[in-house]
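Here the structure is laid out as structure tokens; the discussion comes afterwards.
FYI, it's all coordinate maths here, none of it is from the lab. All figures in this text were calculated on a predicted structure; none of them were measured in a lab. Don't worry about glycine lacking a Cβ; one is built from the backbone with ideal geometry, like all the others, and counts go over all protein chains shown.
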Amino acid sequence: MYTVQEKRDLLLEEDLCDHCLGRQFAKLGHGLENYERGAIIREKDEVNENSFARDNIPEEAEPGSSCHVCQEVFEKMDHWVELVEDSFERYELDTFLIGIRPPSDVLKAEEELWEEYGLEWVEPIKTELSRLIGKRLEEELGIEVDFKRPDINAIIEMEESKDRVEMQVNSLLIYGQYNKYSREIPQTEWHCRNCRGDGCDECDWTGKQYTTSVQEEIQDPFMRETKGIEAKFHGGGREDVNARCLGKREFVLEIIEPLNRNLDLKELQEEVNESTDKIEVFELQFTHKDKAADIKQKHADKEYKAVIETEDEITEEDLDNISKAVGEIKQDTPERVEHRRADKTRKREIYEVEWEKTGDKEFELTVKAEAGTYIKELIHGDEGRTQPNVSELIGTSAECVQLDVTWIEK
């Protein structure tokens, strides 16, 4: 391992530019660019770890030099910056991140330098270039570098035969909550069962099983304003097509490759709510991908209100037996979803039940239950797959004819 002085003396024989010389000592000193470190090293006969200070920078220090290692990439800074600015021109953005692919000969020359003189105090040329270009873009465009969640990742390909910018336009994500008032629409678009989306007589050539969905009712103005290429809907669970949701279910709307990001969410929320009576949205706000994952993985307890019809007449005494459903129940995978769910027995907790007799063969049932409980199966029993179940407890077959989700744990 070399001392700073020893490494400096050896590197001076390599005839490096100030950028490449200073980059070998990049982790020494604070608030300096590498070309300034290089100028300090070249100016002073004796150097140590304390030499890299602003007071020691020679007046003639300037960026943009070149040598056999960097091969003029620093002299082309204006070109790289302009290339990225041209690529950004179509997009509204507040944050970005720059990635660099230097010419292969530059990477090879840099690796040979490391093999000869070691990696202590070194910064890769990719890091220096991305920092310098990032600073220029921040100053000239008034946008900010964001290492965690940039609006756009721009990868500069510096190989002479390529010389381009590859753009990764990150999604725009909007969090909200919705109520669904229609019993005739699903949460997301369903392809026609007959043609699987191609279009046929059965679906009137729409390719859809249902004319609209919660997603479509929400996303249309956002697609118009952002000019994105696609939208994805991430719901915190979903209700059946014929069930209403009155408990404000959480969702994240993801717009893929948006051109525009500066949206007035209050105005768009009002537009959605005024354009339809099928759904209503609340609490719209910008969010990030982690939020979408959070709400999809969250196990939220829920409360339901069901209108139930029975085969035989029922009494108040019959309904009192429903209280025996409170506690742990066991549910085998329901027959209606076994084609898309693993076949297993699930244990779920029923927290509360309330009922009100509304006819000789009809009553309303309110159930507060653990996340993942199949409520319709709790009522009709699913041929014994759910134990205990309401049908057995009241002594006659019971069917849920209307179901509402009235509360969802947040």
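Here are the numbers:
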quantity: Dipole magnitude of the chain about its Cα centre (Cβ charges: Lys, Arg +1; Asp, Glu -1), debye to nearest 20; calculated: 1080 debye
quantity: Burial order of peptide ranges 348-358, 386-396 (average beta-carbon count within 10 Å, highest first); calculated: 386-396, 348-358
quantity: Three-way shape call for region 270-334 based on the alpha-carbon gyration tensor, with the a/c threshold at 1.5; calculated: oblate
quantity: Span from the region 222-251 Cα centroid across to the region 162-179 one, whole angstrom; calculated: 18 Å
quantity: Helix-only mean residue ellipticity at 222 nm for the chain, each DSSP H run of n ≥ 4 adding -39500 (n - 2.57), per residue, nearest 500; calculated: -8500 deg cm²/dmol
quantity: Out-of-range pairs (alpha-carbon distance over 29 Å; input 135/232; 180/232; 135/298; 305/347; 357/410; 227/278); calculated: 135/232; 135/298; 357/410
quantity: Estimated FRET transfer efficiency (residue 159, residue 131; beta-carbon r; R0 22 Å; 0.05); calculated: 0.60
quantity: Calculated FRET efficiency for the pair residue 270/residue 206, C-beta based, R₀ 35 Å, to 0.05; calculated: 0.80
quantity: Given charges at Cβ of Lys, Arg, Asp, Glu: region 172-297 dipole, positive-most of 272, 241, 295; calculated: 295
quantity: Residue 348 versus residue 184: modelled label distance in nm, points set 7 Å from Cα along the beta carbon direction; calculated: 2.8 nm
quantity: Free-standing Cys, the chain [no other Cys Cβ under 4.7 Å]; calculated: 20, 70, 245, 400
quantity: Rounded, prolate or oblate (a/c below 1.5 giving rounded, otherwise prolate when a/b exceeds b/c) for region 1-73 by Cα gyration tensor; calculated: oblate
quantity: Cα-based Rg of the chain normalised by 2.2 N^0.38 Å, two decimals; calculated: 1.49
quantity: Sequence ranges 254-262, 21-29, ranked by mean other-Cβ count within 10 angstrom, highest first; calculated: 21-29, 254-262
quantity: For the chain, built as a Gaussian network whose Cα springs stay under 10 Å, the top-fluctuating residue of 341, 385, 136; calculated: 341
quantity: Filter on 248/344; 330/361; 330/368; 291/344 - keep pairs with C-alpha separation over 18 Å; calculated: 248/344; 330/361; 291/344
quantity: Cα-projected label distance for residue 240 with residue 283, points at 7 Å along beta-carbon direction, nm; calculated: 2.6 nm
quantity: Fully extended contour minus Cα-Cα distance, from residue 45 to residue 104, at 0.36 nm per residue; calculated: 17.9 nm
